[in-house]
Every structure is written in C-alpha cells, then in structure tokens.
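Read through the structure below, which is laid out as structure tokens, and then see the notes.
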Amino acid sequence: MCSLLDVRSLFNFRHANCHAQQIVRETSGYEAVITHALAALCVTLRTNIASWFNFSDLTKALCTRACHICGSFSGFIFLPSFMRCCSCIREDSLPSILSLSVLKNRVESSSGCQYSLVPTVKSLPQNGICCSGCQIALEKALWSSRIQSNACAPRDKVYSYDEFMEHFWNAARLKTYGN
C-alpha cells in the first residue's frame, strides 16, 4: 500500500517510527531502489519532484529498459514525467510532462499552487555504451568537410550491451562488404 504514496510522503512516513520504517522497507521495490538506484531517488527528493509521483511510478521508471519515444535502450529518465528516454530526447521530441488533467488535479489539490511551480530538471545519464568508432567517423567527416546535418546522432547514441554488439557487428559487416 505504501507504493501508492508519493515519494516524499513515503520518506516522511518512514521517519515516523520503527514500525513505519519496517512497513516502508517491505514496500515492493523499496530495497531494490535503495540498493541499486539511490542516486535517482536522491535526485527526485532534492529537486522537489518527489511529491508529484508515487513510489510505484519511480520503480516503474527504474525498471523500464526501453525509451518511451523510440524504443531503443534508454540511458536517461526524463524526470518531469518519469519516462525512460535515450539520446533522441535531444532531437526536439520531448515527452509530455504530465497530462493536463493530472496536472490540473494536482495543482488544484495544492492550495495556492501555480503551474509555474511545477519542478523541471535535466535528468542524469545512467550506464550504457557509446561507440568510439562513431566518434572517429565523425572526426574524419569533420576533417574532410563531408559533414551531414545529423552527423552527431550516431556518436551520441547510448546502447545497451546487446544493442551495442548488434551495432558493432552491423558496422563491421558493412565495412567488410563495402556498403
């Protein structure tokens, strides 16, 4: 039941007494978040976004692997909406912050709150693999003046291990066959 509390309230409740601390510790996903994603939890608390999302929203975002926008491996969490995203977020395709009805209900339930007080933050990257070969190809293109408008996209892409291996083998295959 604690997973339905917003993240801030969950931590406030946890500090009430030893029994409350035990109840929170037994909340689904709590131990995993504390063990493996403490930095993400701290960011939500420090940026005051923790009162806008419940704990199950946080665990869902942390346990999702695919980018909400394009479906690739996602090395980022877009904190204003707790959506997983990859480097495609830089391509002016930001996910929606909150649905207008959710935002309106949350703002109206907070007396005197205005839309401008909704917290916004830049997410911190998580582990993933970048391709050094794409960086080298970009540098060669810069030297030869054969730069395309989207030339930085391959260099900035973050892959999961499996996606990187597929990218690597596809690049090696293309180079071998001269395509």
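Would you confirm whether any residue within the range 1-19 is of a type in the set (Val, Ile, Thr), farther than 26 Å from ILE129 by Cα and touching an Asp or Glu at 6+ places or on another chain (Cβ under 9 Å)? Looking for residues that are of a type in the set (Val, Ile, Thr), farther than 26 Å from ILE129 by Cα and touching an Asp or Glu at 6+ places or on another chain (Cβ under 9 Å), one finds at least one in the range 1-19, hence yes. Filtering the range 76-90 to residues that are more than 8 Å from the chain's Cα centre (by Cα) and not in a loop (DSSP other than H, G, I, E, B) leaves SER87, CYS88, ILE89, ARG90.
If you check SER72 against the conditions, is it in contact (Cβ under 8 Å) with a residue 12 or more places away in the chain, within 15 Å of SER3 (Cα to Cα) and among the polar types (S, T, N, Q)? So SER72 fails the test.
When you scan the range 11-33, do you find a residue that is within 15 Å of the chain's Cα centre (by Cα) and without any contact (Cβ under 8 Å) to a residue 40 or more places away in the chain, even just one? Yes, the range 11-33 has at least one match.
Report whether or not LYS104 is more than 26 Å from CYS70 (Cβ to Cβ) and either at pLDDT below 70 or not basic (Lys, Arg) (or both). Even if it seems obvious, please write down each step before you answer.
Working: more than 26 Å from CYS70 (Cβ to Cβ): yes; either at pLDDT below 70 or not basic (Lys, Arg) (or both): yes.
So LYS104 passes the test.
When the range 34-65 is limited to residues that are touching a Ser or Thr at 6+ places or on another chain (Cβ under 6 Å) and modelled with pLDDT of 85 or more, the one that is nearest to ASP6 (Cα to Cα) turns out to be PHE55.
Conditions tested, residue by residue: (1) surrounded by 18 or more Cβ atoms within 10 Å (Cβ to Cβ); (2) of a type in the set (D, E, K, R).
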{"residue": "ASP6", "(1), (2)": "yes, yes"}
{"residue": "ARG14", "(1), (2)": "yes, yes"}
{"residue": "SER28", "(1), (2)": "no, no"}
{"residue": "ASN54", "(1), (2)": "yes, no"}
{"residue": "THR64", "(1), (2)": "no, no"}
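The values are calculated or read from the model by the stated rules, or taken from the named source; none is laboratory data. Computed from a predicted model, the values in this text were never measured in an experiment. When we count neighbours, we look across all protein chains shown, and the Cβ atoms used for this are built from the backbone with ideal geometry, even at glycine.
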